[in-house]
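J.: First, the structure itself, so that you have it in front of you.
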Amino acid sequence: MKIGVDEAMSDTELDSVMEKNGVEVIDKDKPVDNKADEQGDGKAEDTVDNNADETTEDASVIKPKILCVDDVQFMLLSMKQRLKRYYDTFPAQNVEEMYKILNKTKPNLIILDINMPDTDGFKIIEELKSNPDHSDIPVIFLTGDRRDDSVIKCLELGAADVLFKPISDEDLYACIDRELNPAEESEEDLPTILAVDDTPSILKTIHHTLTGNFKVLTLQNPEALPQVLNRLVPDLFILDVQMPGLSGFDLVPIIRSHRYHSKTPIVFLTSETSKDNILSAIKSGANDYMAKPINETLLFEKMEQHLKNYKRLRRIRTK
């Protein structure tokens, strides 16, 4: 359905267009009906006045800016209506319009569709994240594509979250607020990393590097892993490749067969960095690899990114 929309339309005219096309328009500024108060204690007039005061917007308040990119004009119209009370919304129907807006203002957040005629959201976010001027802007995908591989690709490319159409106002506002006002994690909320390596010095380095930002558990005997998995649920595994008894390759199917760990991130540590070994690591079901000796800065960055993506993936799957 194509709906003609003029950017110069007033809010009243926009409401009229949406109502004619079957979209419910909620007037958040309309005073509450207080007939019950009128019949009861006669305080209805005061109640209405108070509500009116609460919904009066202060023109001096600076609202966060949200750039919405979608090839469907109706979706842009809908987003503008839904977000207008709390955010300044900038609609863009194609990449050219998006960059015109970005050249004039820096939004606090971008809401992006995946499937568009001339390009796709994957290419757009790659361009945004590779540009120093835009790389720090959170990007939320709003899409009808619920496939796991699409969701994982969004997160790997740097998306802050993935929402699915149709989306309720409650979920939309909650996601935007989560990205614009991130909450600090308490120690109890820290993700758990389990490192398995037969070399004590390697385990000590991992523990020293990651403790404070993550809960770090270490295991020197790989054959004890099945028993450990029955007692705790790590959020990420670091595995040595070459170990006596069971190698890292042997441990991957054990982890993946567990009901909680079909998608839990697994990172290999290896001194064998040939192309064949790297491909073998990925084909076995691991998500990433790192070369020994350990680069502590790179280790921290990789763990942080994998855990962020995994946390988002778990949240998306519950929607």
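Please treat every number below as a calculation from the coordinates, not as lab data. Source: prediction; values computed, not measured. Note that each Cβ is placed from the backbone with ideal geometry, even for glycine, and that neighbours are counted across all protein chains shown.
J.: Please tell me the relative contact order of segment 60-183 in percent, rounded to the nearest whole number, where contacts are Cα pairs under 8 Å and at least six residues apart.
T.: Numbers: 173 pairs, mean separation 25.5, N = 124.
Relative contact order of segment 60-183: 21 percent.
J.: So for the pair Thr211, Ala174, with labels modelled 7 Å out along Cα→Cβ, what separation do we get in nm?
T.: In this crude spin-label approximation the distance works out to 3.6 nm.
J.: How large is the dipole of segment 174-319 about the Cα centre if only Lys and Arg carry +1 and Asp and Glu carry -1, each at its Cβ, rounded to the nearest 20 debye? Working shown, then result.
T.: On the way: 18 positive and 19 negative charges, 139 e Å.
Taking the Cα centre of segment 174-319 as origin, the dipole is about 660 debye.
J.: For segment 170-319, with the dipole built from +1 on Lys and Arg beta-carbon atoms and -1 on Asp and Glu ones, taken about the Cα centre, which of Ser257, Leu313, Thr199 lies farthest toward the positive end?
T.: Among Ser257, Leu313, Thr199, the one farthest towards the positive end of the dipole of segment 170-319 is Ser257.
J.: Once you list every other residue whose beta carbon is under 10 Å from the beta carbon of Gln305, what net charge do they have if Lys and Arg are +1 and Asp and Glu are -1?
T.: Details: positive: Lys302, Lys308; negative: Glu156, Asp288, Glu301, Glu304.
Once all neighbours under 10 Å are counted, the net charge is -2.
J.: Let me ask you something else. Strictly over 27 Å apart at the Cα level, which of Lys104/Lys311; Lys104/Lys129; Lys84/Lys165; Lys123/Lys165; Lys263/Lys292 would you flag in this model? Walk me through the numbers before you get to the answer.
T.: On the way: Lys104/Lys311 34 Å; Lys104/Lys129 18 Å; Lys84/Lys165 19 Å; Lys123/Lys165 20 Å; Lys263/Lys292 25 Å.
Pairs exceeding 27 Å: Lys104/Lys311.
J.: Same structure again: For segment 137-149, take each phi angle, set θ = phi - 60°, evaluate the Karplus expression 6.51 cos²θ - 1.76 cosθ + 1.60, and give the result in whole Hz per residue in order, putting x for glycine and proline.
T.: Once θ is set to phi - 60°, the couplings for segment 137-149 become 7, x, 10, 10, 7, 10, 8, x, 8, 9, 5, 4, 5 Hz.
J.: Turning to a different aspect of this structure: Contact order normalised by length for segment 138-288, with contacts defined as Cα pairs under 8 Å and 6 or more residues apart; what percent is it? Walk me through the intermediate numbers first.
T.: Values: 185 pairs, mean separation 24.4, N = 151.
Once normalised by length, the contact order is 16 percent.
J.: Calculate, axis by axis, the spread of Cα positions in segment 187-317 along the three principal axes, and write the results as whole Å, longest axis first.
T.: Dimensions of segment 187-317 along the principal axes of its Cα atoms: 35, 30, 28 Å.
J.: Ranked from highest to lowest mean number of other Cβ atoms within 10 Å per residue, what is the order of the peptides 145-157, 229-241? Present the calculation step by step, with values, prior to reporting the outcome.
T.: On the way: 145-157: 16.2, 229-241: 18.8.
Ranking, from highest mean packing down: 229-241, 145-157.
J.: Would you mind checking which residues have amide H under 5 Å from Thr218's amide H? H placed 1.01 Å from N; only 5 or more apart, or other chain.
T.: Distant-sequence amide H within range of Thr218: Ala195.
J.: Taking the Cα centre of segment 60-183 as origin, work out the dipole magnitude from +1 charges on Lys and Arg Cβ and -1 charges on Asp and Glu Cβ, in debye rounded to 20.
T.: Values: 16 positive and 22 negative charges, 108 e Å.
Here the size comes out at about 520 debye.
J.: Taking square-rooted eigenvalues a ≥ b ≥ c of the alpha carbon gyration tensor, is segment 122-223 rounded, prolate or oblate, where a/c under 1.5 means rounded and, failing that, a/b exceeding b/c means prolate? Working shown, then result.
T.: Details: a/c = 2.18, a/b = 2.00, b/c = 1.09.
The shape class here is prolate.
J.: How large is ³J(HN,Hα), in whole Hz, for each residue of segment 94-103 in order, when computed from phi with the Karplus curve 6.51 cos²θ - 1.76 cosθ + 1.60 and θ = phi - 60°, using x for Gly and Pro?
T.: In residue order, the calculated couplings are 7, 5, 4, 5, 4, 6, 4, 5, 5, 6 Hz.
J.: For Tyr289, list long-range residues whose amide hydrogen, built 1.01 Å from N in the peptide plane, is under 5 Å from its own amide hydrogen.
T.: Answer set, sorted by chain and number: Phe268.
J.: Quick one: grab the alpha carbon gyration tensor of segment 60-183, order the square roots of its eigenvalues as a ≥ b ≥ c, and give me rounded if a/c is under 1.5, else prolate or oblate depending on whether a/b is larger than b/c.
T.: Numbers: a/c = 1.26, a/b = 1.14, b/c = 1.11.
Taking the square roots of the gyration eigenvalues as a ≥ b ≥ c, segment 60-183 is rounded.
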